[in-house]
Amino acid sequence: MYTLEQLYGIQDNVIAVTGAAGGIGLELCRAILDLGGKGAAVVRSGRSRDKVLEALGDAGEERLMCCLADLTDEEAVKGAMEQIYGKFGTIDGLVNAAGMNIIESLDEMSMIDFQKVMDANFTAVVLCCKYAGHYMLQAGKGRIVNISSMSTVKGKAFYTAYASSKAAVDSFTRALAIEWARRGINVNSIAPSMIVTDINRRQIEENPDSYQKRVESIPRGCPGRTEWLVSPVIMLLSPGSIHLTGQTIFVDGGCTAGDTFVMETRRFGA
C-alpha cells in the first residue's frame, strides 16, 4: 500500500541548503522544515545568518542549523559540512541554491569578474558535493539537487558567464550521478526559467518594458515563483526518486518546449 510519506516524505532527514538567506534557497529551506525535515542553512555572512534565523528561527535549534562559509573556499566548505554532521550525525540531502550573476557583455567583462561567477555558481557546487558527499558515501545513501538555469539551453546576451557556469553544473551533475549511482547517491538538477530574486531584481526594475516582453514570451504567461520549485525539489530529495538520477528537470512554464510566437494570433487565443 502506497502512502505519501513512503513516496515523498523527508521526515527527520537532514538537508543542507546553500544560499538559504534569500530567494530560492530560503523558500526551499522553509519547505524542508515545514515538511518535517531538519535544515542546515549554509550562508556567507553574519547578516545572511541573521536573515535566516529571523525567517526560520521558530523551527528551533534542534531542527535548524545555520553556519557560515565562503562556498568558494575549500576548507570553509569542508568545515561547514563537518559542523552539520557533528550536530546531526548525518547529511541526507544537499541543495545547492547559492549563486550570483554579473550582467555584462563579454568584451567589457574582466576575466576576474567572469571567474567570480564561475566560482560562485560552479566551483561552490563541486566543493559542496565533495564534502557533503563524503558523509553520504559513508552512509551509502543521499540525495543532491543542484539549482541550474534555463540559460543552459537558451542563449541570452550578457549572460555568458552565468550561462557557462550553469551549463557546467548540469554536465557535472550528469557525471557525478554516474560516478555515484551504485553507491546509493542520486544527483539531479532543477532548471527554472526567470524568477525574480536578488540576482536579477535590479535589472528588472531598471528595464520594465524588457521584463514585460520576457513575461509575454513564457507559454504560461507569467514568471516563475520560488514556491513552484518546492515540489520538484522535494520529490528529488525523497525516497520516490530512487531510480531518477543524472537528470535536469526544467521548471520553466513551457519555455524550453517552444515559444508563443504565431503569425495568426486569433487561433492561439492571444
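When the alpha-carbon atoms of segment 105-146 are used, the pair Rg, Dmax equals 15.0, 47 angstrom. I'd like the distance separating the alpha-carbon centroids of segment 99-125 and segment 33-94, in whole Å. Centre-to-centre (Cα) distance: 25 Å. Remark: the chain carries a charge dipole of roughly 600 debye about the Cα centre, counting +1 on each Lys and Arg Cβ and -1 on each Asp and Glu Cβ. Dimensions of segment 152-209 along the principal axes, based on C-alpha atoms and rounded to the nearest Å, stand at 49, 19, 14, largest first. The portion of the accessible surface of the chain made up by carbon and sulfur, rounded to a whole percent, is 51 (1.4 Å probe; DNA, RNA and ligands excluded). Measuring nothing but alpha carbons in segment 103-236 and taking Rh as the Kirkwood radius, the Rg to Rh ratio lands at 1.01.
Counted over all Cα-Cα pairs of segment 1-85, pairs farther apart than 14 Å make up 61 percent. For segment 80-132, what does the equivalent ellipsoid look like in terms of its semi-axes, each the square root of 5 times an eigenvalue of the Cα gyration tensor, given largest first in whole Å? Semi-axes (√(5λ), whole Å): 32, 9, 7. Overall size of the chain from C-alpha positions, given as principal axis extents largest first: 58, 52, 38 Å.
When the Cα atoms of segment 1-152 are aligned to their principal axes, the ranges along those axes come out at 58, 33, 27 Å in descending order. Pairs of C-alpha atoms in segment 177-268 farther apart than 23 Å represent 42 percent of all such pairs.
Where only DSSP H runs of four or more residues are counted, the chain gives -12500 deg cm²/dmol as its mean residue ellipticity at 222 nm, each run worth -39500 (n - 2.57). The residues of the chain have, on average, 52 Å² of accessible surface per residue, using a 1.4 Å probe with all protein chains present. Per-residue packing, averaged as other Cβ atoms within 10 Å, sorts the ranges 13-21, 102-110, 140-148, 64-72 into the order 13-21, 140-148, 64-72, 102-110, beginning with the highest. Each peptide in 1-7, 215-221, 114-120 receives the mean, over its residues, of other Cβ atoms within 10 Å, and ordering these scores from highest gives 114-120, 215-221, 1-7.
The values are calculated or read from the model by the stated rules, or taken from the named source; none is laboratory data. All values reported here derive from a predicted model rather than from experimental measurement. Glycine also receives a Cβ, built like all others from the backbone with ideal geometry; neighbour counts cover every protein chain displayed. All accessible areas refer to the heavy atoms of the entire protein, side chains included, with ligands and DNA or RNA removed. Shrake-Rupley method; radii C 1.70, N 1.55, O 1.52, S 1.80 Å.
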